[in-house]
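Each remark here refers to the structure printed beneath this line.
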Amino acid sequence: LIMSSDYSQIELRIFAHLSEEKALMDAFNHNIDIHTKTAMDIFKVTKEDVTKNMRRQAKAVNFGILYGISAYGLAEDLGISPKEAKKFIETYFETYPGIKEYMNKTIEKAYSEGSVKTIMNRSRTIEELSSSNYMQRSMGERMALNTPIQGSSADILKKAMIEIDKSFIENNLKSTMLLQVHDELIFNVLSEEKEIVEKIVKNIMENTIKLNVPLEVDIQFGKSWYEAK
């Protein structure tokens, strides 16, 4: 069998952990859908009144903020005017003030140190921040915001892979880890080892690091990767 084990919204969970924004942490800690929660907060409606379109817009804002998206970029993604998109972003920061504070501090520290670090202290130098060109500096600021999140996601996944490999050897398993794709690990699993492999992988991936919010892994099986998705 092919087994797909995929981290659920790991970057947003890391974002909640690093920013220590209480509303985001509470949502993840109480297993509330983060995009629905954001839609409720931005549009000031109850959970029952959140439409699919509201959730879609909230999702675009949630992920857009991670990448330092501009009002123009968000407007393009959502098919709305830049003025409306700007209001979305402003409302988001008013709703989650801890995020704006975290982003400002991260950029400020990046300018002062010339680099940023991941959760496991891997460092990335950002030369663009010292550029005299505004566009280059803006790109550097986006890198400063995004690197600790995407880089930390990579740290966590690589640590989990090492621990899974070690556990497979210790348990004399013949199943193998085939591939890593973004936040997902793909395994070739013998039918008779299905239960133990699933247990090992889920346990390690969800507990390889302790964050302020839980890590969640979705596991699916199939005769092919397509079927497992």
List GLU127, GLU227, ordered by accessible area with a 1.4 Å probe, largest first = GLU127, GLU227
From the Cα centre of segment 186-218 to that of segment 1-68, the distance in Å is 22
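Which whole-number percent gives the relative contact order of segment 99-164, counting Cα pairs below 8 Å spaced six or more residues apart?
Numbers: 63 pairs, mean separation 20.4, N = 66.
RCO, segment 99-164: 31 percent.
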Once phi is turned into ³J(HN,Hα) by the Karplus curve 6.51 cos²θ - 1.76 cosθ + 1.60 with θ = phi - 60°, what whole-Hz value does each residue of segment 130-139 show in order, with x for glycine and proline?
-> 9, 6, 7, 8, 4, 4, 5, 5, 4, 5
Any lysines whose Cα falls less than 17 Å from that of LYS87, other than same-chain ones fewer than 8 residues away, would be LYS44, LYS59, LYS100
Tilt relative to the chain, helix 194-207 - C-alpha long axis, 0 to 90 degrees, to 10 | 30
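Rounded to whole Å and sorted largest first, what semi-axes of the equivalent ellipsoid does the C-alpha gyration tensor of the chain yield via the square root of 5 times each eigenvalue? Kindly include the intermediate steps, with their values, before the conclusion.
Values: eigenvalues 233, 106, 48 Å².
Sorted largest first and rounded, they come to 34, 23, 15 Å.
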Name the lysines eligible as straight-distance cross-link partners of LYS194: C-alpha to C-alpha under 28 Å, and not fewer than 8 places from it in the same chain.
-> LYS158, LYS159, LYS166, LYS174, LYS202, LYS210, LYS223, LYS229
Note on segment 46-178: contact order normalised by length, alpha-carbon pairs under 8 Å, 6 or more apart, percent, works out to 18
Hey, what did the chain get for relative contact order, percent, Cα under 8 Å, at least 6 apart?
-> 33
Using Cα atoms only, what is the angle between the long axis of helix 97-113 and the major principal axis of the chain, expressed in degrees (0 to 90) to the nearest 10?
-> 90
Return the sequence-ordered ³J(HN,Hα) values of segment 67-73 in whole Hz as given by the Karplus equation 6.51 cos²θ - 1.76 cosθ + 1.60 applied to θ = phi - 60°, using x for Gly and Pro.
-> 9, x, 5, 8, 4, 5, x
Go through segment 125-176 and name the trypsin sites (Lys or Arg not before Pro) that are in a DSSP coil and have 15 or fewer other Cβ atoms within 10 Å of their Cβ.
-> LYS174
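The values are calculated or read from the model by the stated rules, or taken from the named source; none is laboratory data. What you are looking at is a predicted structure, and each value in this text was computed from that prediction instead of being measured. When we count neighbours, we look across all protein chains shown, and the Cβ atoms used for this are built from the backbone with ideal geometry, even at glycine. Keep in mind that these areas ignore ligands, DNA and RNA; they rest on the heavy atoms of the full protein, side chains included. Shrake-Rupley method; radii C 1.70, N 1.55, O 1.52, S 1.80 Å.
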